[in-house]
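> I'd like to ask you about the structure that follows.
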Amino acid sequence: MKHRIGFNALSRKSSERKALKRNMVTSLFRYERIETTKAKALEVRKMAEKMITRAKVDSVHNRRIIARDVYDEAVVNKLFKEIGPLFAERKGGYTRILKTGNRLGDAAEMVILELVEKTKKEEKAEKKAKKADKASN
C-alpha cells in the first residue's frame, strides 16, 4: 500500500523530477497553456498554484523564492506583472485541466493544463470578434 506518499515520483530521480517540473512550470507561465500527460499536469499544477499565490504580492522576497525555480527572468517578470494581478481577487484554483484523450504511442492519458483567467479573456475577445463578423456580413 502507498500510504502517506505526498507526490508522484513520475518514475524519475529527484533531480530529474525537479528539472521536469521547473521546465513545465516555466512553459506554463510563458505560453499560458501546455499539453502533457495527466500525471505530470497534476504535479506541475501544485507548483504553479503556489507560485501564482506568491506572485500576487510583488516583493523582493517573493521574487527570489520564485526565481529559485523559474530561471527565465522574463517569465518571472510576466508572472509578477501580468499573471499575479490577474488573479488578485481569486483565492485559488488558478489552473484548469482539460482531458484530450489518449496518446497514440503508449495510450497515456493526455490533458491540457491552462491558466483559468487568461482563457476567459481570450474567449470573450473571440466572441466579440465573431459577433462583429456576423454583424458586418
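> Applying the selection to region 1-44, what residues are polar (S, T, N, Q) and not in a helix (DSSP H, G or I)?
Of everything in region 1-44, those that are polar (S, T, N, Q) and not in a helix (DSSP H, G or I) turn out to be N8, S11, T36, T37.
> Go through the residues of region 91-106 one by one and say whether even a single one is part of a helix (DSSP H, G or I), of a type outside the set (A, V, I, L, M) and surrounded by fewer than 15 Cβ atoms within 10 Å (Cβ to Cβ).
So far as region 91-106 goes, no, none of its residues is part of a helix (DSSP H, G or I), of a type outside the set (A, V, I, L, M) and surrounded by fewer than 15 Cβ atoms within 10 Å (Cβ to Cβ).
> Next question. Please go through (1) over 29 Å from S15 (Cα atoms); (2) within 13 Å of the chain's Cα centre (by Cα); (3) small (G, A, S) for G93 and return the number of the only condition it doesn't satisfy.
(1)
> Next question, about the same structure. The conditions are (1) out of contact with any strand residue (DSSP E or B) (no Cβ under 8 Å at 6 or more places or on another chain); (2) closer than 28 Å to F7 by Cα, and A48 fails exactly one of them. Which is it?
Result: A48 passes all but (1).
> Sticking with this structure for a sec: Among the residues of region 66-82, count how many are assigned to a helix (DSSP H, G or I) and out of contact with any helix residue (DSSP H, G or I) (no Cβ under 6 Å at 6 or more places or on another chain).
6
Quick grid of which residues meet (1) of a type in the set (F, W, Y); (2) farther than 15 Å from N23 by Cβ; (3) in contact with a helix residue (DSSP H, G or I) (Cβ under 6 Å, 6 or more places away or on another chain):
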position	(1), (2), (3)
A48	no, no, yes
K56	no, yes, yes
V60	no, yes, no
R64	no, yes, no
G93	no, yes, no
R96	no, yes, yes
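> Please verify whether region 109-118 includes one or more residues that are in contact with a Leu (Cβ under 6 Å, 6 or more places away or on another chain), farther than 16 Å from K46 by Cα and surrounded by 13 or more Cβ atoms within 10 Å (Cβ to Cβ).
There is at least one residue in region 109-118 that is in contact with a Leu (Cβ under 6 Å, 6 or more places away or on another chain), farther than 16 Å from K46 by Cα and surrounded by 13 or more Cβ atoms within 10 Å (Cβ to Cβ).
> If you don't mind, another one. For L79, state whether it is surrounded by 15 or more Cβ atoms within 10 Å (Cβ to Cβ) and modelled with pLDDT of 95 or more.
yes
> Those residues that are among the charged types (D, E, K, R) and at pLDDT below 80, I need them from region 101-127; list them, please.
K118, K120, K121, E122, E123, K124, E126, K127
> If I ask for residues that are loosely packed, with under 10 Cβ neighbours inside 10 Å and either touching a residue at least 40 places away in the same chain (Cβ under 8 Å) or more than 17 Å from A108 (Cα to Cα) (or both), which ones from region 1-12 would you list? Don't jump to the end; show me each part of the working.
Taking region 1-12 as the starting set, the residues that turn out to be loosely packed, with under 10 Cβ neighbours inside 10 Å are 1-6, 11.
M1, K2, H3, R4, I5, G6, listed by residue number.
The values are calculated or read from the model by the stated rules, or taken from the named source; none is laboratory data. Treat the numbers as computed from the prediction; the structure is a model and nothing was measured. Heads up, the Cβs are rebuilt from the backbone with ideal geometry, glycines too, and the neighbour counts pull from every protein chain shown.
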